[in-house]
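A.B. asks: For reference, the structure I am asking about is given below.
The values are calculated or read from the model by the stated rules, or taken from the named source; none is laboratory data. Bear in mind that the values here come from a model prediction, so they are computed numbers and not experimental data. Methodologically, a virtual Cβ is constructed for each residue, glycine included, from the backbone with ideal geometry; neighbour enumeration extends over all protein chains shown. The protein model used for the area step is the full one, side chains on, heavy atoms only, and it has no ligands, DNA or RNA in it. Shrake-Rupley method; radii C 1.70, N 1.55, O 1.52, S 1.80 Å.
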Amino acid sequence: MTIIDELRSLEREALAAVAAAGTLDALEAVRIGYLGKKGSLTAVLRGLGALSPEERPEVGRVSNEVRVALEGALDSKRTTLQHAARAERIAAEAVDVTLPGRRRPVGRQHVLHQIVDEIVEVFAGLGYRIAEGPEVELDYYNFTALNHPPDHPARALQDTFYVRDLSGDRAAVEGESDVLLRTHTSPVQVHVMESQKPPIYVLAPGKVYRRDVADPSHLPQFTQIEGLVVDEDITFGDLKGTLEHFVHAMFGPERRVRLRPHFFPFTEPSAEVDVSCAICGGQGCRTCGGEGWLEILGCGMVDPNVFRYVGIDPERYTGFAFGMGAERIAGLKYGVPDLRLFVEGDTRFLHQF
Ligand code: PHE
């Protein structure tokens, strides 16, 4: 066998070994076996020097061909094996995202905010704008400018949370402070009328505070929604029609509205508004305590004295105001027997809305 034949058979054998190598390690072993320092092709190439000058060019050319062919085969096989190894690793590390996984509990808007939004929506439809005022108020806005006489019982300590003003100039003795947590949203009426000229059509939702112990029908902090309209020729009929529209939108067109004379210092005349009981339709049942009616809000025509405090001419303008408790409205709408449920944050309760 000539040396050329030997080279060709080495080539076939080496290419077969390359083809048979199943891993990168095995392929590297093949490379070392043929092309390494002690490799069989290396040995042949080393032996070239011993050949005769006639043989040398031909053998040199063929052996170079074999080396190039082998290196090419090694390279392409290496690439193939590397890709296969990568694909295998990707497959092994893959995360099955089709599994259902753990669901995060999804929250929702609190039922009270839903109710406030619904009420706002009804009055927005009538052209009212939203107004806001501070929860920490001055006695002037909460009481004085709302025509409360100095000795009015609502100013009594039991009802109002007074705030000590540590900055100095206000009285620090509890009960003598003129800074307080607003007991109703009516002070927003005063802020609005101080800063806007009629026509005024506003709705003011917000938190209010009273020194009450929480029980099924009382909360020390609750939510009121105040309405105020000031314009020329506003009558008690406008107030009644507005409230009927609201009750029908909120509770259904079959519900009836009743106004009972009442007293508020800042409205004259004043009324409390009842809605017919959803359960008995007015006959009287346990839900309405045998009354047939459920109280939902207080209202009245803006007292001219209030207009005088804010500098609106009571000869030219008239207006009405109303105030309702959002917890009470929500309680009536959904038949919630205890207002404390609205503030306890029990998700078993909240998820029903
Ligand atoms: N502010 C009154 C209350 O909290 C409700 C009210 C508002 C009455 C506006 C008349 C007009 O009881």
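A.B. asks: Looking at region 260-269, which of its residues are free of Cβ contacts under 8 Å to residues at least 40 places away in the same chain and within 39 Å of the chain's Cα centre (by Cα)?
C.D. replies: PHE264 - this is the single residue of region 260-269 that is free of Cβ contacts under 8 Å to residues at least 40 places away in the same chain and within 39 Å of the chain's Cα centre (by Cα).
A.B. asks: Are any of the residues in region 342-353 closer than 22 Å to HIS245 by Cβ, within 33 Å of the chain's Cα centre (by Cα) and surrounded by fewer than 21 Cβ atoms within 10 Å (Cβ to Cβ)?
C.D. replies: no
A.B. asks: Here is a follow-up. Being in contact with a strand residue (DSSP E or B) (Cβ under 7 Å, 6 or more places away or on another chain), open to solvent by 90 Å² or more (accessible area, probe 1.4 Å) and not polar (S, T, N, Q), is that true of even one residue in region 97-106?
C.D. replies: no
A.B. asks: Go through region 294-314 and give me each residue that's within 18 Å of ASP231 (Cβ to Cβ) and among the β-branched types (Val, Ile, Thr).
C.D. replies: VAL302, VAL306, VAL310, ILE312 - these are the residues of region 294-314 that are within 18 Å of ASP231 (Cβ to Cβ) and among the β-branched types (Val, Ile, Thr).
A.B. asks: When residues of region 258-279 are filtered for being surrounded by fewer than 19 Cβ atoms within 10 Å (Cβ to Cβ) and outside any loop (DSSP other than H, G, I, E, B), how many remain?
C.D. replies: 9
A.B. asks: Which of the numbered conditions does GLN224 fail, given that it passes all the others? Conditions: (1) farther than 27 Å from VAL336 by Cα; (2) in contact with a Pro (Cβ under 8 Å, 6 or more places away or on another chain); (3) at pLDDT 95 or above.
C.D. replies: Exception for GLN224: condition (1).
A.B. asks: So is GLU244 surrounded by 21 or more Cβ atoms within 10 Å (Cβ to Cβ) and of a type in the set (D, E, K, R) or not? Even if it seems obvious, please write down each step before you answer.
C.D. replies: On the way: surrounded by 21 or more Cβ atoms within 10 Å (Cβ to Cβ): no; of a type in the set (D, E, K, R): yes.
Answer is no for this residue.
A.B. asks: Same structure again: Report, by residue number, each residue of region 17-57 that is open to solvent by 80 Å² or more (accessible area, probe 1.4 Å) and under 60 Å from the mean Cα position of the chain (by Cα).
C.D. replies: The answer is ASP25, and nothing else.
A.B. asks: Considering only residues that are touching a residue at least 40 places away in the same chain (Cβ under 8 Å) and out of contact with any strand residue (DSSP E or B) (no Cβ under 8 Å at 6 or more places or on another chain), which ones fall in region 247-259?
C.D. replies: ALA249, MET250
A.B. asks: Same structure, new question: Which one of GLY60, GLY133, GLY127 is surrounded by 11 or more Cβ atoms within 10 Å (Cβ to Cβ) and modelled with pLDDT of 90 or more?
C.D. replies: Matching residue, one of GLY60, GLY133, GLY127: GLY133.
A.B. asks: How many residues are of a type outside the set (Val, Ile, Thr) and outside any helix (DSSP H, G or I) when one looks only at region 57-99?
C.D. replies: 3
A.B. asks: Quick one: is LEU239 buried (at least 21 other Cβ atoms within 10 Å of the Cβ), in the same structural domain as THR287 (by TED's automatic domain parsing) and at pLDDT 95 or above? If you could, list the steps in order and put the result at the bottom.
C.D. replies: Working: buried (at least 21 other Cβ atoms within 10 Å of the Cβ): yes; in the same structural domain as THR287 (by TED's automatic domain parsing): yes; at pLDDT 95 or above: yes.
When the stated conditions are applied, LEU239 passes them.
A.B. asks: Does LYS197 count as of a type in the set (D, E, K, R) and within 16 Å of the ligand (Cβ to nearest atom)?
C.D. replies: Answer is no for this residue.
A.B. asks: Okay, moving on. For region 140-178, give me each residue that is modelled with pLDDT of 90 or more and surrounded by fewer than 14 Cβ atoms within 10 Å (Cβ to Cβ).
C.D. replies: TYR140
A.B. asks: Could you give every pair whose Cβ atoms fall below 7 Å, whose first residue belongs to region 222-238 and is hydroxyl-bearing (Ser, Thr, Tyr), and whose second residue is away from the ligand (no atom under 14 Å from the Cβ) and open to solvent by 10 Å² or more (accessible area, probe 1.4 Å), counting only separations of at least 6 or pairs across chains?
C.D. replies: Filtered contacts from region 222-238: THR223/LEU112; THR223/VAL116.
A.B. asks: How many residues are touching a strand residue (DSSP E or B) at 6+ places or on another chain (Cβ under 9 Å), over 29 Å from LEU350 (Cα atoms) and away from the ligand (no atom under 16 Å from the Cβ) when one looks only at region 285-305? It would help to see each step written out before you state the result.
C.D. replies: Just the residues of region 285-305 that are touching a strand residue (DSSP E or B) at 6+ places or on another chain (Cβ under 9 Å), to begin with: 287-288, 291-305.
Subsequent filtering for residues that are over 29 Å from LEU350 (Cα atoms) retains 291, 299-305.
Now narrow it down to the ones that are away from the ligand (no atom under 16 Å from the Cβ): 291.
Selection size over region 285-305: 1.
A.B. asks: Here is a further query. So, in region 192-236, how many residues would count as being closer than 17 Å to PHE307 by Cβ, open to solvent by less than 80 Å² (accessible area, probe 1.4 Å) and small (Gly, Ala, Ser)?
C.D. replies: 1
A.B. asks: Looking at region 306-353, what helices (runs of 4 or more DSSP H) fall wholly within it and have at least 3 residues that are within 16 Å of the ligand (Cβ to nearest atom)?
C.D. replies: Working: elements: 326-334, 341-344, 347-350.
Once the helices (runs of 4 or more DSSP H) in region 306-353 are filtered for at least 3 residues that are within 16 Å of the ligand (Cβ to nearest atom), what remains is 326-334.
A.B. asks: Kindly provide the set of residues from region 179-191 that are under 18 Å from VAL230 (Cα atoms), open to solvent by less than 10 Å² (accessible area, probe 1.4 Å) and within 31 Å of the chain's Cα centre (by Cα), ordered by number.
C.D. replies: Hits for region 179-191 are THR185, SER186, PRO187, VAL188, GLN189.
A.B. asks: Is one or more of the residues making up region 41-56 touching a residue at least 12 places away in the same chain (Cβ under 8 Å) and not in a helix (DSSP H, G or I)?
C.D. replies: Yes, region 41-56 has at least one match.
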